[in-house]
Amino acid sequence: MDRIASFCVDHNTLLPGIYISRVDDDIVTYDIRMRKPNVPPFLENPAMHTIEHLFATYARNSEFRDHVIYFGPMGCRTGFYFLVRNMKHTDAIQLMQDTFRFIADFTGTIPGTTAAECGNYLEHDLETAKKEASNFLPIISDWNEQKLRY
């Protein structure tokens, strides 16, 4: 079998930031790398779960809602993948910055956290999710198209 694109990235040198993982026709997969790979501590599952709910909710309610395909965690617990269609990189970067700002400032009830809405509704951590988003914002605050390459 062919080696997939994400396994071709040198994780020994990869730093936190936003990168283009792959482009498939009009779909771009962004690698939102919140932690340096293979260097603990990794993101905690309850915080990742909360980030997933808040990010997906915000992005799918934004002006770019029709371009958002998917947002989800990496199994290695160092970040997330964000898939969009027909969207300028500058708009995608701005949306990610706005979304992490939203998460950092979020108050209230986490969307989608009832047993009827979520398969693991009890595993959430809003305070740690907010802290993770706050810590990530300075890293991506001046991100631009030139920085999207691994």
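The residue of the range 73-92 that is surrounded by the fewest Cβ atoms within 10 Å (Cβ to Cβ), among those that are charged (D, E, K, R) and farther than 20 Å from N144 by Cβ, is R85.
Go over the candidates L137, L126 one by one and state the one that is in contact with a helix residue (DSSP H, G or I) (Cβ under 8 Å, 6 or more places away or on another chain), among the hydrophobic types (A, V, I, L, M, F, W, C) and surrounded by fewer than 17 Cβ atoms within 10 Å (Cβ to Cβ).
Only one candidate qualifies: L137.
The residues of the range 93-118 that are exposed (fewer than 11 other Cβ atoms within 10 Å of the Cβ) and either among the aliphatic types (A, V, I, L, M) or within 27 Å of P37 (Cβ to Cβ) (or both), listed by number, are A115, A116. Residue check: Y70 meets all listed conditions (1) surrounded by fewer than 16 Cβ atoms within 10 Å (Cβ to Cβ); (2) among the aromatic types (F, W, Y); (3) under 22 Å from T109 (Cβ atoms) but one, namely (3).
Condition check ((1) of a type in the set (V, I, T); (2) free of Cβ contacts under 8 Å to residues at least 12 places away in the same chain) across all residues:
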{"position": "I103", "(1), (2)": "yes, no"}
{"position": "G112", "(1), (2)": "no, no"}
{"position": "E127", "(1), (2)": "no, yes"}
{"position": "K130", "(1), (2)": "no, no"}
{"position": "I139", "(1), (2)": "yes, no"}
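The set of residues from the range 122-150 being over 20 Å from R101 (Cα atoms) and in contact with a Phe, Trp or Tyr (Cβ under 6 Å, 6 or more places away or on another chain) comprises just one member, Y150. Restricting attention to the range 9-40, the residues that are of a type in the set (V, I, T), part of a loop (DSSP other than H, G, I, E, B) and without any contact (Cβ under 8 Å) to a residue 24 or more places away in the chain add up to 2. Taken over the range 97-128, the residue count meeting the criterion of being assigned to a helix (DSSP H, G or I), aliphatic (A, V, I, L, M) and out of contact with any Asp or Glu (no Cβ under 9 Å at 6 or more places or on another chain) is 1.
Of all residue pairs spaced 6 or more apart or on separate chains, those with beta-carbon atoms under 6 Å, a first member in the range 66-91 that is on the phi > 0 side of the Ramachandran plot and of a type outside the set (D, E, K, R) and a second member that is part of a loop (DSSP other than H, G, I, E, B) and surrounded by fewer than 17 Cβ atoms within 10 Å (Cβ to Cβ) are N86/D26. Take the conditions (1) more than 13 Å from the chain's Cα centre (by Cα); (2) within 21 Å of Y150 (Cα to Cα); N45 misses just one of them, which is (2). With respect to the stated conditions, L43 fails to be touching a residue at least 12 places away in the same chain (Cβ under 8 Å), aliphatic (A, V, I, L, M), more than 27 Å from N120 (Cβ to Cβ) and not in a strand (DSSP E or B).
Read-outs: derived from the displayed coordinates by stated rules, not from any lab. Every value quoted in this text rests on a predicted model; they were computed, and no experiment measured them. Note that we place each Cβ from the backbone using ideal geometry, even for glycine, and neighbour counts take in every protein chain shown.
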